[in-house]
1. Does the range 62-69 contain any residue that is over 13 Å from the mean Cα position of the chain (by Cα), free of Cβ contacts under 8 Å to residues at least 12 places away in the same chain and more than 16 Å from PHE114 (Cα to Cα)?
2. Kindly indicate whether GLN147 is closer than 21 Å to THR47 by Cα and of a type in the set (S, T, N, Q).
3. With respect to ARG51, determine if the residue is of a type outside the set (A, V, I, L, M), modelled with pLDDT under 95 and within 14 Å of VAL142 (Cα to Cα).
4. For the range 1-87, which helices (runs of 4 or more DSSP H) that fit wholly inside it have 2 or more residues that are surrounded by fewer than 12 Cβ atoms within 10 Å (Cβ to Cβ) and more than 9 Å from the ligand (Cβ to nearest atom)?
5. Which of the following residues is within 15 Å of the ligand (Cβ to nearest atom) and over 22 Å from ILE23 (Cα atoms): ALA122, ALA130?
6. Is it true that PRO174 is surrounded by fewer than 15 Cβ atoms within 10 Å (Cβ to Cβ) and at pLDDT 85 or above?
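The values are calculated or read from the model by the stated rules, or taken from the named source; none is laboratory data. In this text the structure is predicted, and so the values were computed from the model without any measurement. Here the Cβ positions follow ideal geometry from the backbone for every residue, glycine too, while neighbour counts run over all protein chains shown.
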Amino acid sequence: MSTLRRSRQKFYNVFSYCYDFFITLHSGHYRNETRNFLVDSAQPVRTKQVRVLDVCCGTGSVALAFADKYVDALTVGCDFSTGMLHKAALKDTAHKILLVHGDAACLPFGEDCFDIVCCSHALYELKGQARTAALQEMKRVVTPRGQVLVMEHEVPQNYLVKIMFYIRMLMMGPTDAREFLEQGLTPFRNIFNDVTLSHSPSGKSKLVICRKS
Ligand SMILES: C[S@@+](CC[C@H](N)C(=O)[O-])C[C@H]1O[C@@H](n2cnc3c(N)ncnc32)[C@H](O)[C@@H]1O
């Protein structure tokens with residue numbers, strides 16, 4: 001395991017202690033808005049026993065929202081931070097989801113086994129090659145008629161929030177930040193056959209919906 005990856009895991013393990021609090025401060029009620037928008041945008045082909053995978057699930061809020069909407073679903077959250085997974089497991093409704101320790105760039109699942117694969121506000125925290133590998137892995141594990149939904153922050157309008165946004169971008173490194181800001185859908189179109197873009201009602205997050213066929 002690379003030193004960079006280990007130090008990022010450590011960072012997320014520490015961050016897990018205050019992650020939900022930080023997100024509530026940062027996003028307020030928009031967190032629910034973007035999460036609901038993501039969950040409602042999913043259109044699984046199956047109506048029963050939908051299989052959902054949340055990649056980089058963090059403290060599990062998106063996976064839990066899917067489990068609430070699809071009561072008989074198999075909902076799996078996967079993350080490489082044991083701290084984040086531990087926080088997810090402590091939540092009241094955690095029994096509704098399965099939590100799996102794994103790397104987005106090498107998912108511990110077989111091919112074509114999830115109807116919906118999502119990744120919320122995490123893809124652009126992966127470095128260049130790992131990001132491409134994660135997209136390829138999401139494509140591998142989703143069923144041929146399934147959807148991969150990737151949600152990311154849009155560039156904020158508010159001055160102060162914009163400063164925080166650019167700090168996050170700088171943490172990603174200048175090349176990755178430029179790619180995020182300039183390349184738009186290109187990294188997705190390089191991997192998936194069908195890619196569409198939409199925005200949450202407030203415009204704060206963008207949602208890229210990908211299909212492999
Ligand atoms: C900003 S948080 C987003 C969490 C969650 N998706 C949400 O919307 O609240 C980023 C998450 O990605 C996870 N992560 C980062 N790199 C990863 C990797 N290579 N494999 C798996 N998880 C990773 C971190 O541990 C962290 O939980």
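1. No, the conditions are met nowhere in the range 62-69.
2. yes
3. no
4. Hits in the range 1-87: 3-15, 19-27.
5. Exactly one residue qualifies, and that residue is ALA130.
6. no
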